[in-house]
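Undergrad: This is the structure I want to talk about, given as C-alpha cells.
We did not get these values from a lab; they are worked out from the coordinates using the rules stated. The structure displayed is predicted, hence computed values, not measured ones. Cβ sites come from the backbone with ideal geometry, for glycine too, and all protein chains shown count toward neighbours.
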Amino acid sequence: MTAALEALKSKMAVISGLRYAGALMGWDQETYMPEGSTAGRARAMSTISRLAHEHATSPEYGRLLEDASHEVADMPPDSDESRLIWQARREYDRAIKLPSDLVAEMREAEVTATQVWQACRPENDWQRFTPYLERILEQQRKMADLLGWEEHPYDALLDIYEPEMRTSEVRRVFNDLRERTAPLVSAIADRADEVDDSFLHQHYDEDAQWALSLDLMERFGYDYTRGRMDRSAHPFTTTFAQDDVRVTTRVDPEFFNTCFFAAAHECGHALYNQGLPERFANTPLQGGASSGMHESQSRLWENVVGRSLPFLSAYYPRIQEAFPDQLGGVDLEQFYRAVNRSAPSLIRVEADEVTYNLHIMLRFDLEVAMFEGELGVEQLPARWNEKMEQYLGVTPDTDADGVMQDIHWPSGLYGYFPTYTLGNVISLQLYEAALRNLSDLQKQLENGNTAPLLGWMREHVHAYGRKFPPQDLLERTTGQRLSAEPYLNYLNTKFGAIYSL
Ligand code: ZN
C-alpha cells in the first residue's frame, strides 16, 4: 500500500501546476509581453510564487511527506519511491526556511529589476539600474543566511543550482583550469591571424537564419509537437511540463553565429527536458540533476557536436544552401576554423570554448567577493573592468558590454554562473564515456546521424531526472567524479590542430 505516497503526489501535482503557470508567465514576459505591463506581471508572478511556496511548506505537506517516508522506508534505496522522498525532503527542508513574504518580495523585485535592466542596458545607464540590483543582492544575502551554510555563505546559493557543491571545490577546479588553459590562451594569441572569420560577419537574412536554426534543432532530435522557438533578448529554455519545453534565441542580421549556436545550445537543454521519464512528471524528480548537468547537455550540442568537424562535414552543405552568396565560396575547413576562432572578447555568450571559462571565473570571483561583503554594488563596474583586463586582456568601453551584459544578476540568479563551467567540464566526461560505449559514434556524426549520441544521453543521463545528486549521477555514468582532464585534453587537441600548435 502506498496511500500516503499517492496523497503526497497529488499535493505535488498542485505545486507543479502553480509552477507551470509561473513559468508560462515568465516565458511570456521575455517574449511577447507588452513593455508597459511590468508592474501587473510582477504582482501576478509574485502571487503565484507565494502560493506555490505556501503549498510546498504547509503543515499538511510536511505531514504527508513524513507519512510517505515511513511508507517507503523498506523499499530499495535506489528505487524511484525512495529517491522521490529524498529529493522532496531536500526541497522541503530548504523551503521551510524561507518565509512566504520573502519569496513573494523576491519574485516581484526580480521581475521588476529584469525589466529595468532590459531598458537600461541599451542606454548604458548603470546609475539607474544600481538601486534595483542593490535590492536583489540584499535579498540574496538574506536568503543565504536563512538557508544556512557551513564553510561559506555562497555555498547556500551554489547548493540551489548544484546540489552538494562547495565554493572551495569550485575555486579548486577553477584555479586548476585557469592555470592549465593559460598556456593555450597565450599560444593562440601569438597566432591570432591564423584563423579568418570575416565571412561570418556580414549580412545574413534573418528569416533564413531562423529557418536554418529550426532545421538544426530538428536534426538534433527536438520534438516540435512538444515545444516551439521564439525570440528573446537573452536566449533561454523553459519547461512548463514534459509536453511543453520551449526555447528562445536571438538573431543578429550581421553575424552568423549568434542565432545558430544559441539555438544549438538551447536545443541541448530542451533535449534533456523532453527526454525525462514520463513517470517523474509533476514530482520533484522531474528536471535535470543540476544546472551543471543541464549545461553539460547544452554545451555538448552547441560545441562538442555543433562546432565539430565530423558533424559539420555532414551539415555544412545545408548551411551553404541557406546562404549561397555568403558561404558558397567558403570550404568546410575554413568554416570549421572560423566558427571555432579563439580570441579574448567582451561578451560571454559569444566567447569561444577556450576563453569562455575565464568569463565565468570573473563572475564567480565577483559574486564571492560580494557575499564576503568585500565588494559593494557601486564598485562593481570598476572591479569588472579590472578583472577583464587581468583574465582576458581586454577592457569594455561601456557597462552595457561589461558589467550589465547578463540577465542573471537582475534575475536573482546568484550562485548560478559557476555551473556553466562545471557544465563544460562534465560535457567532455560524458562525451568520452559515450565514445567508449559507442565505437562508431564519430562515423555516425560524419553521416549527420546524431541519434545514437542522443540515445546514449537519454539512457545514461536523461532517464534519471533528479534521482541522484549530480556528482553521484556522473560517477554512475562515467565511473569518475568531477574531473577537468577530459575537457583540457579536448581543448588542447582541438585548438592545437586549428592553430597548428
Ligand atoms: Zn545554457
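Undergrad: How big, in percent, is the set of alpha carbon pairs in the chain lying more than 29 Å apart?
TA: The answer is 51 percent, as a whole percent.
Undergrad: Within the set of other residues whose C-beta is less than 11 Å from the C-beta of VAL251, count the net charge using Lys and Arg as +1 and Asp and Glu as -1.
TA: -3
Undergrad: Find out how many positive minus negative residues lie around LEU375, taking Lys and Arg as positive, Asp and Glu as negative, among other residues whose Cβ is under 15 Å from that of LEU375.
TA: Values: positive: ARG141, ARG363, ARG383, LYS387; negative: GLU134, GLU138, ASP365, GLU367, GLU372, GLU374, GLU378, GLU386.
Taking every other residue near LEU375 into account, the sum is -4.
Undergrad: Let me ask something else. Along the charge dipole of region 61-135, Cβ charges K/R +1 and D/E -1, which of MET75, CYS120, VAL103 sits furthest on the positive end?
TA: CYS120
Undergrad: Right, here's the next one. About its Cα centre, what dipole magnitude does region 373-501 give when the only charges are +1 on Lys and Arg Cβ and -1 on Asp and Glu Cβ, stated in debye to the nearest 20? If you can, show how the numbers build up before the last one.
TA: On the way: 10 positive and 15 negative charges, 148 e Å.
It comes to approximately 700 debye.
Undergrad: Related question: Using R₀ = 30 Å, calculate the FRET efficiency as 1/(1 + (r/R₀)^6) where r is the Cβ-Cβ separation of SER100 and ALA463; round to 0.05.
TA: 0.30
Undergrad: On to the next question. In the neighborhood of GLN87, defined by Cβ-to-Cβ distances under 9 Å, what is the net charge if each Lys or Arg adds +1 and each Asp or Glu adds -1?
TA: Residues close to GLN87 contribute a combined charge of +4.
Undergrad: Still on this structure, I have one more. Could you give the distance between the Cα centres of region 404-434 and region 26-41, to the whole Å?
TA: Rounded to whole Å, the Cα centres lie 26 Å apart.
Undergrad: Which listed residue (LEU64, LEU453, LEU473) has the Cα farthest towards the positive end of the charge dipole for the chain, taking +1 on Lys and Arg C-beta and -1 on Asp and Glu C-beta about the Cα centre?
TA: LEU64
Undergrad: Taking 0.36 nm per residue of separation and subtracting the Cα-Cα distance, what length does fully extending ILE347 through ARG180 add?
TA: Between ILE347 and ARG180, full extension yields 57.9 nm more.
Undergrad: Filter the trypsin sites (Lys or Arg not before Pro) in region 158-197 down to the DSSP loop ones having no more than 12 other Cβ atoms within 10 Å, then list what survives.
TA: Answer by residue number: there is no such site.
Undergrad: To continue, here is another question. Given an 8 Å cut-off on Cα distances and at least 6 residues of separation, report the relative contact order of the chain as a percent. Walk me through the intermediate numbers first.
TA: Values: 692 pairs, mean separation 94.1, N = 501.
19 percent.
Undergrad: A further question follows. Answer with one residue from ALA208, ALA433, PRO418: the one whose Cα lies farthest towards the positive end of the charge dipole of region 167-498, charges on Cβ with Lys, Arg +1 and Asp, Glu -1.
TA: ALA433
Undergrad: Could you tell me the distance between the Cα centroids of region 326-391 and region 275-304, to the nearest Å?
TA: So the separation of the two Cα centres works out to 25 Å.
Undergrad: Now a separate question. Please list, ordered by chain and number, the residues whose modelled amide H lies under 5 Å from the amide H of GLY227; skip anything fewer than 5 residues away on the same chain.
TA: Excluding prolines and chain starts, which carry no amide H, the hits are VAL245.
Undergrad: Next question. Which of the peptides 370-377, 263-270, 483-490 is most tightly packed, and how do the rest follow, judged by the mean count of other Cβ atoms within 10 Å per residue?
TA: Most protected by this proxy first, the peptides run 263-270, 483-490, 370-377.
Undergrad: In addition: Where the only charges are on Cβ atoms (+1 Lys, Arg; -1 Asp, Glu), what is the dipole of the chain about its Cα centre, to the nearest 20 debye?
TA: Working: 48 positive and 78 negative charges, 184 e Å.
It comes to approximately 880 debye.
Undergrad: Ordered by residue, what ³J(HN,Hα) values in Hz, to whole numbers, does region 391-400 give under the Karplus form 6.51 cos²θ - 1.76 cosθ + 1.60, where θ = phi - 60° and Gly and Pro are x?
TA: 7, 10, x, 9, 10, x, 7, 10, 5, 4
Undergrad: To continue, here is another question. Work out the FRET efficiency for HIS203 and LEU435 from their Cβ-Cβ distance, taking R0 = 45 Å, and round it to the nearest 0.05.
TA: Numbers: r = 39 Å, r/R0 = 0.86.
Computed FRET efficiency for HIS203 and LEU435 comes out at 0.70.
Undergrad: Something else about it: Quick query: amide H of ALA241 versus all other amide H atoms, modeled in the peptide plane; which residues come in under 5 Å with a sequence gap of 5 or more or a different chain?
TA: Residues meeting the criterion, in which the H sits 1.01 Å from N, do not exist here.
Undergrad: Give me a comma-separated list of calculated 3J(HN,Hα) values for region 285-292, in order, Karplus coefficients 6.51, -1.76, 1.60 applied at θ = phi - 60°, integers in Hz, x for any Gly or Pro.
TA: After applying 6.51 cos²θ - 1.76 cosθ + 1.60, I find 7, 7, x, x, 4, 6, 5, x Hz.
Undergrad: Still on this model: Using the crude model of +1 on Lys and Arg Cβ and -1 on Asp and Glu Cβ, and no other charge, please compute the dipole size for region 199-242 relative to its Cα centre, in debye to 20.
TA: With only Lys, Arg, Asp and Glu charged at Cβ, the dipole is about 220 debye.
Undergrad: Further question: Take peptides 358-366, 473-481 and line them up by average Cβ neighbours within 10 Å, highest first, as a rough protection proxy.
TA: 358-366, 473-481
Undergrad: When the Karplus curve 6.51 cos²θ - 1.76 cosθ + 1.60 is applied with θ = phi - 60°, which whole-Hz ³J(HN,Hα) does each residue of region 215-224 get, with x for Gly and Pro?
TA: Taking θ as phi minus 60°, the curve returns 5, 4, 5, 5, 4, 6, x, 5, 9, 6 Hz for region 215-224.
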